[in-house]
Amino acid sequence: MADHDLNDASTTDGLPLAPSLGVALESARIPRHSTLVDRRVIKISALAFLVGIIAALVAQGLMRLIGLITNLAFYGRLDSAFVSPAANHLGLIVVLVPVVGAIVIGFMARYGSQAIRGHGIPEAMEQILLNRSRIPARVTILKPLSAAISIGTGGPFGAEGPIIATGGALGSLFGQWVRVTANERRTLLAAGAAAGMAATFGSPLSAILLAIELLLFEFSTRSVVPVAIASGTAAIVRVAFMGTSPMFAMPSLAWPTLPALGAYIALGAVIGIAAVYITRAVYAVEDGFSRLPIHWMWWPAIGAIAVGVIGYWVPRTLGVGYENIIDVLSGALVGKALILLCIFKLISWVIALGSGTSGGTLAPLMTVGAGLGALLGKMLALVLPHLGVDPGMAALVGMAAIFAGASRALFMSIVFVIETTWQAAALLPLVIGCTAAYLVSSVLMQNTIMTEKIARRGVRVPVEYTADFLFQVLVRDYASYPAVTLKAGSTLAEVRAWLDSGGSGTGHQGFPLVDDAGKLCGIVTRKDLFAPGMAPGTRLHALIKRPPRVVYEEDAVGDAAEWMAQENIGRVPVVCRADPDHVLAMLTRSDIMAAYHHRSEQMYRVEG
């Protein structure tokens, strides 16, 4: 029944049909316009600042704890200086050191928390996607402690993975202490993780990119600003402790020649293939351990036997190995020694990580990638000298490309190498090499080293972040014009008869009610109109249950859709901001689906 029907219905028992729209609109609920920054963002940013400071201090403490355990385990001295275990003189006893550490970790995982197993980022992803970013408080203590024991007793891991996981746990803990939304808790978790990475390497920008590419699953002001604050704060704290020198200092590189750039693309593609097979090897080993007829708490000890044996023959494979990366990049490690390091560091790390112990992926992968890149670069320089390939530049490309291929954190991988080496001349080779690795990995491997584990558990990880189409189009583009309205003074009998007639507009499920002047009074649904027990003479305005919810023509469809979800309504009247007294159209769930259909056509319909 359109509003031009039943024009004679004007009063009910001598009372006005309905309040004027001036009163109705004052009580009408309208969606708040989203802003880039509001008080909530300021609050979360302040919390992120605190998280950044604490995570940076925790990172410094963890590095010293690793140093203390390393000195005790391999040199028998009380010293927290960060040292390599490679210079130990334990002989065959060195085989037992990683095993003892792994046994301790197994007990900690079984009787403390299983969350300490693995390299941390997949577990953080899982908590974000399945547990509203809640990480148990005990993980904040057990994860760094177990990592310090693992690495300090010779585990072939970098300290950054556990520090990132610990920072994330710390941010999540803050988000559980303070009243925040699940999205804000996720932001704090990502802020803590970024702070941990920035505090380890002095790489605030790549830490932000890591959070965006692997943890936030979005790019918005509300999330990026707190993460950037935490990352920058942690980097400043690191400067206070360690100065401003780059993490991986190396001789300055010359700008690449044009033929060399083509070689770096090919090099990146080869490294991308290596990243795919390394990822598959990690999970093949993990599958092998899962078939062992013993409890999983003993798996790290079994894996540690391989770590110890390899460490006896190739001591450089033990521990963090940041010095290995520096030696590879600077050209101090070449030939047979470099080949042995690449092969056995990879084997040791794959077995240890697959056994479920506590450790990271970034430093081991980049050690192998840098070594492989240096070897391939040296071969190209000898066989095709006219290309002008620099083995040092090739090492940088390999270092970044292997992580880009294994994790698909493309931008983080590029920026990380620039920040930790200060080699501006490497920017273009890194971009093209990492992109080649990323492309090859995407073609050959569905999941990544970060997502394979949780994907096997049925968790779907977002892999592409795009701007929501609904926030790019306006309500007026998809609303149903004109609105089919009903007179507030009409009776149920009259409206039911009109609906039964099957005329134009009778198929709608909801109708705006207007007074004689056409001003909005409220909304009724078909369910209201056919509710049992209602007298046929009941006037429609008596069915109004709450003030109307409305949206403006110039609102984004996405805002309107969120508003409808919050209010649990399937349709909403559309009004004009310049003349809000009159209903122009209705926006329904079907209209929103039509917008999605339009988007699908734009994405998949081939034109021309």
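Do the conditions hold for G262, that is, is it within 28 Å of the chain's Cα centre (by Cα), in a helix (DSSP H, G or I) and at negative phi? Please lay out each step first, then the result.
Numbers: within 28 Å of the chain's Cα centre (by Cα): no; in a helix (DSSP H, G or I): yes; at negative phi: yes.
Considered against the rule, which asks whether it is within 28 Å of the chain's Cα centre (by Cα), in a helix (DSSP H, G or I) and at negative phi, G262 comes out as no.
In the range 378-484, which helices (runs of 4 or more DSSP H) lie fully inside it and hold 1 or more residues that are over 30 Å from A594 (Cα atoms)? Spell out how you get there, then give the answer.
Details: elements: 391-407, 410-421, 427-444, 452-455, 475-478.
Because the criterion is at least 1 residues that are over 30 Å from A594 (Cα atoms), the helices (runs of 4 or more DSSP H) in the range 378-484 that meet it are 391-407, 410-421, 427-444, 452-455.
Would you point out the residue of the range 77-99, among those that are more than 18 Å from F344 (Cα to Cα) and under 35 Å from the mean Cα position of the chain (by Cα), that is most open to solvent (accessible area, probe 1.4 Å)?
F82
Considering only the range 542-580, how many residues are closer than 22 Å to A467 by Cα and either basic (K, R) or open to solvent by less than 40 Å² (accessible area, probe 1.4 Å) (or both)? Break it down into steps so the answer makes sense when it comes.
Of all residues in the range 542-580, those closer than 22 Å to A467 by Cα come to 551-566.
In the following step, the residues that additionally are either basic (K, R) or open to solvent by less than 40 Å² (accessible area, probe 1.4 Å) (or both) were identified as 551-553, 555-561, 563-564.
So the count comes out to 12.
Among the listed residues L430, L382, L410, L396, which satisfies the condition of being open to solvent by 10 Å² or more (accessible area, probe 1.4 Å) and over 23 Å from G118 (Cα atoms)? Full working, then the answer.
Values: L430 fails: open to solvent by 10 Å² or more (accessible area, probe 1.4 Å); L410 fails: over 23 Å from G118 (Cα atoms); L396 fails: open to solvent by 10 Å² or more (accessible area, probe 1.4 Å).
After applying the criteria, what remains is L382.
Can you pull out the helices (runs of 4 or more DSSP H) entirely within the range 77-192 that have at least 1 residues that are modelled with pLDDT of 90 or more and among the β-branched types (V, I, T)?
Of the helices (runs of 4 or more DSSP H) lying wholly inside the range 77-192, those with at least 1 residues that are modelled with pLDDT of 90 or more and among the β-branched types (V, I, T) span 96-111, 137-152.
Under 8 Å by Cβ, and 6 or more places apart or on different chains, what pairs join a residue from the range 422-445 that is free of Cβ contacts under 8 Å to residues at least 12 places away in the same chain with one that is of a type in the set (V, I, T)?
Partner pairs satisfying both residue conditions: A424/I418.
Please determine, by comparing only the residues of the range 95-152 that are basic (K, R) and in contact with a helix residue (DSSP H, G or I) (Cβ under 7 Å, 6 or more places away or on another chain), which one is farthest from F217 (Cα to Cα).
Of the residues in the range 95-152, the ones basic (K, R) are 110, 117, 132, 134, 138, 143.
Pick out the ones that are also in contact with a helix residue (DSSP H, G or I) (Cβ under 7 Å, 6 or more places away or on another chain) and you get 110, 117, 132, 134, 143.
Values: R110: 31, R117: 23, R132: 13, R134: 16, K143: 24 Å.
Step by step, filter the range 95-152, then rank; the result is R110.
List the pairs whose first member sits in the range 331-349 and is surrounded by 15 or more Cβ atoms within 10 Å (Cβ to Cβ), whose second member is of a type in the set (K, R), and whose Cβ atoms are under 7 Å apart, counting only residues at least 6 apart or on separate chains?
Hits for this filter: L341/R316.
Of the conditions (1) charged (D, E, K, R); (2) open to solvent by less than 20 Å² (accessible area, probe 1.4 Å); (3) in contact with a strand residue (DSSP E or B) (Cβ under 8 Å, 6 or more places away or on another chain), R117 fails just one. Which one is it?
Only one criterion is unmet by R117, namely (2).
Please state which of the following conditions T221 fails to meet, knowing it meets all the rest: (1) open to solvent by less than 30 Å² (accessible area, probe 1.4 Å); (2) β-branched (V, I, T); (3) modelled with pLDDT under 90.
(1)
Could you please find all residues in the range 274-308 being surrounded by fewer than 16 Cβ atoms within 10 Å (Cβ to Cβ) and in a helix (DSSP H, G or I)? Outline the logic, then answer.
Filtering the range 274-308 down to residues surrounded by fewer than 16 Cβ atoms within 10 Å (Cβ to Cβ) leaves 277, 280, 284, 287-288, 290-295.
Of everything in the range 274-308, those that are surrounded by fewer than 16 Cβ atoms within 10 Å (Cβ to Cβ) and in a helix (DSSP H, G or I) turn out to be Y277, R280, A284, D287, G288, S290.
The values are calculated or read from the model by the stated rules, or taken from the named source; none is laboratory data. Predicted model, so just to flag it, every value in this text is computed and none were measured. Note that we place each Cβ from the backbone using ideal geometry, even for glycine, and neighbour counts take in every protein chain shown. We work out accessible area using only protein heavy atoms, side chains counted, and drop any ligands, DNA or RNA first. Shrake-Rupley method; radii C 1.70, N 1.55, O 1.52, S 1.80 Å.
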